[in-house]
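Trainee: Here it is: the structure, laid out below.
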């Protein structure tokens, strides 16, 4: 019982932090506005660690490498704590364990990014139906527009309804299935 509670607390605390870091990374990369409640929340939650790391890790081609690096290390630390809670010891082969750990952490970041995309699409679609001029609409539009554009080239609107969110969700789900298959192939996956 205590193990389950610890597992829940670790996953919740690190999960919120990693998703906030990923959202910050994608908001900066896709040039989503930060002057809104979502941007302010993400900045307030992550500035304490991202700003010092930025002094050491510069950006590259408009990508905030410091933020994604912190997310990667946070995910790896969460995995270490979860494995430790289950009684796993890294002492036997620390090099192999570290390599596996950072590989799994990278795969988990990709998975979290896909889930974040799915969530953003759902919120964006609801906002577009209910109140397309809501204050948060530009944020969600900026986060989804690049993904929709790929499908809008080939799929016309049907009855004035844009079907591109449906296709992006479908591709994201397919990628999640492929990611799960890849994770099962890794040592300790499964």
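Trainee: With the crude spin-label approximation of a point 7 Å out along Cα→Cβ, what separation in nm comes out for residue 129 versus residue 12?
Mentor: 3.0 nm
Trainee: Moving on to the next point. Could you grab the Rg to Rh ratio for the chain? Cα atoms only, Kirkwood for Rh.
Mentor: So for the chain, dividing Rg by the Kirkwood Rh gives 1.01.
Trainee: May I pose another question? Report, to the nearest 10°, how far helix 2-29 tilts away from the longest principal axis of the Cα atoms in the chain, using its own Cα long axis and a range of 0 to 90°.
Mentor: Computed tilt is about 50 degrees.
Trainee: If you don't mind, there's one more thing I want to ask. Find how much the distance from residue 169 to residue 103 grows on full extension, using 0.36 nm per residue of separation minus their present alpha carbon separation; answer in nm with one decimal.
Mentor: Details: separation 66, 0.36 × 66 = 23.76 nm, distance 2.51 nm.
So the extension gain works out to 21.2 nm.
Trainee: Would you mind checking the tilt of helix 164-185 against the longest principal axis of the Cα atoms of the chain, expressed as 0 to 90 degrees and rounded to 10?
Mentor: 10 degrees
Trainee: Can you give the relative contact order of the range 1-73 as a percent, counting alpha carbon pairs under 8 Å and 6+ residues apart?
Mentor: 35 percent
Trainee: Roughly what would the spin-label model give for residue 77 and residue 31, points 7 Å off Cα along C-beta, in nm?
Mentor: The two pseudo-label positions are separated by 3.3 nm.
Trainee: Next question. Which whole-number percentage describes the relative contact order of the range 80-172, with Cα contacts under 8 Å and a sequence gap of 6 or more?
Mentor: Value for the range 80-172: 23 percent.
Trainee: Among 39, 15, 87, which one shows the highest mean-square fluctuation when the chain is modelled as a Gaussian network with alpha-carbon springs under 10 Å?
Mentor: Ranking 39, 15, 87 by mean-square fluctuation puts 87 first.
Trainee: Once the Cα gyration tensor of the range 117-190 is found, what semi-axes does its equivalent ellipsoid get, as square roots of 5 times the eigenvalues, in whole Å, sorted largest first? Don't skip to the answer; put the middle values down first.
Mentor: Working: eigenvalues 171, 47, 17 Å².
Output for the range 117-190: semi-axes of 29, 15, 9 Å.
Trainee: Which whole-number percent gives the relative contact order of the chain, counting Cα pairs below 8 Å spaced six or more residues apart?
Mentor: After rounding, I find 23 percent.
Trainee: Comparing 99, 59, 159, which has the greatest mean-square fluctuation in the GNM of the chain with Cα pairs linked when under 10 Å apart?
Mentor: Taking springs between Cα atoms under 10 Å, the residue moving most is 159.
Trainee: For the chain, set up a Gaussian network in which alpha carbons nearer than 10 Å are linked by springs, and say which option among 106, 71, 13 fluctuates the most.
Mentor: In this elastic network of the chain, the residue with the biggest mean-square fluctuation among 106, 71, 13 is 13.
Trainee: Could I ask something else about it? Viscosity 0.890 mPa s, temperature 25 °C: Stokes-Einstein D of the range 1-45 from its Kirkwood Cα radius, in µm² per second?
Mentor: Here the translational diffusion coefficient equals 211 µm²/s.
Trainee: To the nearest 500 deg cm²/dmol, what mean residue ellipticity at 222 nm is calculated for the chain from DSSP H runs of n ≥ 4 alone, each contributing -39,500 (n - 2.57), summed and divided by the residues?
Mentor: Computed ellipticity for the chain at 222 nm equals -26500 deg cm²/dmol.
A short reminder: the numbers here are calculations on the coordinates, not readings from a lab. These figures come from a predicted structure and were not determined experimentally. Every residue, glycine among them, receives a Cβ derived from its backbone with ideal geometry; neighbour counts consider all protein chains shown.
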